[in-house]
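All remarks here apply to the structure that follows.
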Amino acid sequence: MASEAPYILVLYYSRTGQTAEMATQIARGISRVPGVDARIRTVPSVSPDTEASLPAVPDDGAPYAGKDDLAGCSGLAIGSPTRFGNMAAPLKYFLDSTGDMWLNGTLTGKPAGAFTSTGSLHGGQESTLLTMMVPLLHHGMVLCGVPYSENALNETTAGGTPYGPSHWAGTGEQQVVTDHEKTICQTFGERLARLALKLR
Ligand SMILES: Cc1cc2nc3c(=O)[nH]c(=O)nc-3n(C[C@H](O)[C@H](O)[C@H](O)COP(=O)(O)O)c2cc1C
């Protein structure tokens, strides 16, 4: 049986679709690199009775991630809307279930990075990205950001940071992901995929 092509897991939580759109753009960048696939997965929202109530397959959007999706990846991009300057609970809940992988060093040496969407321009883009990197470091992963050689990072008037892709969605009518933000997402995805091939 042919062995599975290496893949980058694009793992995200999104309530109103902005972070989900960024995941799609990151996957576009990954698919530019021959020999690496993009696997997009989401996580269910959390509530006191999560186990009991939610169907196993979401009504729409990406399938829910299983821990095997994470264990088998060659690289990881984690995405979350900002919640008070930090990642949202559903993604943290999933990451908190990976203690066995930490113990086995399953993710050690693999490249990883973070992406986020916010309501305000200066209300948590950087703090969310930098704090999302902490569990990645605990897993021994190799951090990947976005270099300033990517010109969109110098030209963007909305989201996009050297710490990772970001989107400024606004607090009223949701702003669409801009061309600069899309370019930064795609460059990040391509960079993660190339790093994964180098580090394999
Ligand atoms: C409980 C809560 C807390 C939030 N905290 C922040 C915040 O600290 N800073 C900010 O800019 N936006 C904040 N937001 C706005 C979301 O991050 C923003 O709407 C984001 O684009 C949603 O992404 P999504 O469409 O992927 O769900 C918050 C939203 C909620 C519901």
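The values are calculated or read from the model by the stated rules, or taken from the named source; none is laboratory data. The structure presented is a predicted model; accordingly, all values stated were derived computationally and were not measured. Virtual Cβ from ideal backbone geometry, glycine too; neighbours counted across all protein chains shown. Accessible surface is based on the protein model in full, side chains and every heavy atom, while ligands, DNA and RNA are left aside. Shrake-Rupley method; radii C 1.70, N 1.55, O 1.52, S 1.80 Å.
Please check the chain for the longest run free of chymotrypsin sites (Phe, Trp or Tyr not before Pro) that are loop-located per DSSP (anything but H, G, I, E, B) and have at most 13 other Cβ atoms within 10 Å. Working shown, then result.
Details: sites that count: Phe84, Tyr148.
So the longest stretch without any such site is 1-83.
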Review point. Hey, what D do you get for segment 144-200 in µm²/s if you plug the Kirkwood alpha-carbon radius into Stokes-Einstein at 10 °C and 1.306 mPa s?
Key: 134 µm²/s
Review point. Among Ala23, Ala114, Ala158, which one moves the most in a GNM of the chain with springs linking Cα atoms closer than 10 Å?
Key: Ala158
Review point. Based on Cα positions only, what radius of gyration and what Dmax would you give for segment 7-199, in angstroms?
Key: 15.4, 48
Point to revise | Calculated [θ] (222 nm, deg cm²/dmol) that DSSP helices of n ≥ 4 give over the chain, each run adding -39,500 (n - 2.57) | key: -10500 deg cm²/dmol
Exercise for review: Give the carbon-plus-sulfur fraction of the accessible surface of the chain in %, rounded to a whole number; probe 1.4 Å, heavy atoms of protein chains only.
Suggested key: 55 percent
Exercise for review: Using only the Cα atoms of segment 9-114, each taken as one equal point scatterer with no solvent, compute I(q) by the Debye sum, divide by I(0), and report log10 of the ratio at q = 0.21 Å⁻¹.
Suggested key: -1.25
